[in-house]
Amino acid sequence: MSNADIQNYFLPGEKLLWLGRPKQGLMFSKKDMLQVPFSLIWGGFAVFWESMAMRQANAPLFFRLWGVPFILIGLYLIIGRFALDAFVRARTQYAVSDQRIIILREGWFSKLLTLPLQRLPALDLGQRGDGTGTISFGSDAQVGYGRRNGISAWTPALSNAPQFLGITEARETFSLIQQAQSTKPS
């Protein structure tokens, strides 16, 4: 994916102010302090259950297979969600123009989201000590998606809430967006 890809979605006369990508590779969030222990407990119990079922000499086939879906869910929660999140972020681009916020996700989970600068919901900046951070444009509820549930609760890159996830120089980008909002006529 080249940087020119997202510019294909610009309107005539629209000017690029900022172009970025989310952090690549493994990325942890504050929610992982609860999600990692939960996923290890889930996966451990599923493996324990399945191993006990397999040890039963006369156990019916249904009883022996009952734990397999729970083991697969456990594998996703322990490892798969991090791999899927990194996969999605590797195919995501962000842009700020003089008119809009643009989020382009390509691949299996393709999505194009544009938000006019003058109608952005509340901006939220979460920043780390190294300057990387996430800019959220409202919450799932504000955007009309209700609560975060399902896969997006475990895989931040698939969240329905618009966000610039894990960007470098997050504070500078946040300020740029605020400036662009104030200079554009309503």
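The values are calculated or read from the model by the stated rules, or taken from the named source; none is laboratory data. If you're wondering where the values come from, they're calculated on a predicted model, not measured in any experiment. As a convention, Cβ positions derive from the backbone with ideal geometry for all residues, glycine included, and neighbour counts pool all protein chains shown. When the accessible area is computed, the model is the full protein with side chains, heavy atoms only, and any ligands, DNA or RNA have been set aside. Shrake-Rupley method; radii C 1.70, N 1.55, O 1.52, S 1.80 Å.
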Q: Take region 151-179 and flag every residue that is in a loop (DSSP other than H, G, I, E, B) and free of Cβ contacts under 8 Å to residues at least 60 places away in the same chain.
A: 159, 160, 161, 169
Q. Looking at this structure, is residue 29 of a type outside the set (Phe, Trp, Tyr) and either under 25 Å from residue 159 (Cβ atoms) or open to solvent by 70 Å² or more (accessible area, probe 1.4 Å) (or both)?
A. yes
Q.
Checking residue 81 against (1) open to solvent by 30 Å² or more (accessible area, probe 1.4 Å); (2) touching a residue at least 60 places away in the same chain (Cβ under 8 Å); (3) among the basic types (Lys, Arg), only one condition comes out false. Which one?
A. (1)
Q) Is it the case that residue 38 is touching a Leu at 6+ places or on another chain (Cβ under 8 Å), surrounded by fewer than 14 Cβ atoms within 10 Å (Cβ to Cβ) and free of Cβ contacts under 8 Å to residues at least 60 places away in the same chain? A) yes
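Per-residue answers, yes or no, for (1) more than 19 Å from residue 10 (Cβ to Cβ); (2) open to solvent by 60 Å² or more (accessible area, probe 1.4 Å):
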{"residue": "46", "(1), (2)": "yes, no"}
{"residue": "53", "(1), (2)": "yes, no"}
{"residue": "59", "(1), (2)": "yes, no"}
{"residue": "93", "(1), (2)": "no, no"}
{"residue": "108", "(1), (2)": "yes, yes"}
{"residue": "114", "(1), (2)": "no, no"}
{"residue": "121", "(1), (2)": "yes, no"}
{"residue": "125", "(1), (2)": "yes, no"}
